[in-house]
Amino acid sequence: MRPHLTAVFAMSADGKIADVHRQPARFGSPADRAHLERQVAHSDGVMVGARTLLAHGSAALVRDAELLKMRSEQGKSPQTLHIICTRSGEMNREIPFFQQPVERWLVTTNAGATRWQEGQEFTRIWADVTWQELLAEFYALGLRRIGVLGGGGLMAELLSAQVIDDLWLTLCPLIWGGATAPTPVDGTGFSTPIPLTLLSWEPLGQELLCHYQVLAGGGETEP
C-alpha cells in the first residue's frame, strides 16, 4: 500500500513554471493560490524538491481559518508535513522555511544525509531508498494523501516510477519563452508519453484549472 499522490502546479501558456533564470515564479492569481492552499490543507504531507524550496524560501502554509478549523477537527496539526527531496542535501539553513512551524522530513542520498543528521531541522531522514519502498513507509506512518508541489525533476522521477495518481494544472495567461526555462516535468524526457484523462476543468478568471487522472503506461525514460 502507498499514499495517493496528487501533483499541483501552475504553468504559463507555453508550458513554463519560471523564466530562464529560474527565478521564483509567482504568476498564479489569488484564486489559484487559494486552490493550492486547499490542496495542501487536505493533504497529510507535501513533497517539494530542494530547488523549488530554495527558490521560494518558504513552506506552503495554511492560513485560511476554515481550512485550519478543518484540520483541527480531523485531529491534524495546523500545518501540513513537508517532505523535502534532494540528492545533494545542499540547502541554505537560513531560509525562512527552517524557522516556520512545520514538521520536516528529508529524502536524500547517503551523502546528502550526512549534512543534516546532526541537526534538528528534520525529524526523519531517508537515504537511498526506492520510491516504492519510501511510499510504503509513508503509508505505514499514516500518510494517505500527499501533494507534490514540484519541481520538474521530482515530477519526472515520480511519473517515471508511476506513482503520481492525478494532477491539478492551472494554465496561466502569459508566455515566458526560453529553451532552458524549466517546465513542470524536466529530466531527460520519456520515450513514450504518459497518458492522462481529463476529469474536470474550470475557468478561474483568465486562468484555466484542469484536473487530470494519470493513466498507467508510458513513462519510460530516454536512454
Could you list which residues have their amide H under 5 Å from that of Trp126, counting only those 5 or more apart in sequence or on another chain, with H placed in the peptide plane?
Leu106, Val107, Thr108
With every protein chain left in place, what is the accessible area per residue of the chain in square angstrom, probe 1.4 Å?
51 Å²
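Rounded to the nearest angstrom and ordered from largest down, what semi-axes does the equivalent ellipsoid of the range 25-117 get from its C-alpha gyration tensor (root of 5λ)? Kindly include the intermediate steps, with their values, before the conclusion.
Details: eigenvalues 127, 51, 22 Å².
Calculated on Cα positions only, the semi-axes equal 25, 16, 10 Å.
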Per residue of the chain, what 222 nm ellipticity follows from adding -39500 (n - 2.57) for every DSSP H run with n ≥ 4, rounded to the nearest 500?
-6500 deg cm²/dmol
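Taking every pair of Cα atoms in the range 115-223, average 1/r, invert it to obtain the Kirkwood radius, and report Rg/Rh to two decimals. Intermediate results must be reported in sequence, preceding the final value.
Details: Rg = 16.7 Å, Rh = 16.4 Å.
When Rh is taken as the Kirkwood radius, the ratio is 1.01.
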Using only the Cα atoms of the range 1-74, construct the convex hull and provide its projected area averaged over every direction, in square nanometres to one decimal.
6.4 nm²
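Can you tell me the relative contact order of the range 1-151? Whole percent, Cα pairs under 8 Å, sequence separation 6 or more.
On the way: 234 pairs, mean separation 54.1, N = 151.
Normalised by residue count, the contact order of the range 1-151 is 36 percent.
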What residue among Ala34, Ala181, Ala65 shows peak mean-square fluctuation when the chain is described by a Gaussian network model with Cα springs under 10 Å?
Ala65
With Rh as the Kirkwood radius over Cα pairs, the range 53-178 has Rg/Rh of 0.97
Suppose every K and R has +1 on its Cβ and every D and E has -1 on its Cβ; what is the size of the dipole of the chain about the Cα centre, in Debye to the nearest 20?
420 debye
Rounded to two decimals, what ratio of Rg to Rh does the chain give with C-alpha atoms and a Kirkwood Rh?
0.94
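Which percent of the accessible heavy-atom area of the chain goes to carbon and sulfur, probe 1.4 angstrom?
Details: 5970 of 11330 Å².
After summing per-atom areas, the C and S share lands at 53 percent.
The values are calculated or read from the model by the stated rules, or taken from the named source; none is laboratory data. For clarity, every value in this text was computed on a predicted model and none was experimentally measured. Here the Cβ is made from the backbone with ideal geometry for all residues, glycine too, and neighbour counts use every protein chain on show. Remember, those area values only see protein heavy atoms, side chains included, never the ligands or the DNA or RNA. Shrake-Rupley method; radii C 1.70, N 1.55, O 1.52, S 1.80 Å.
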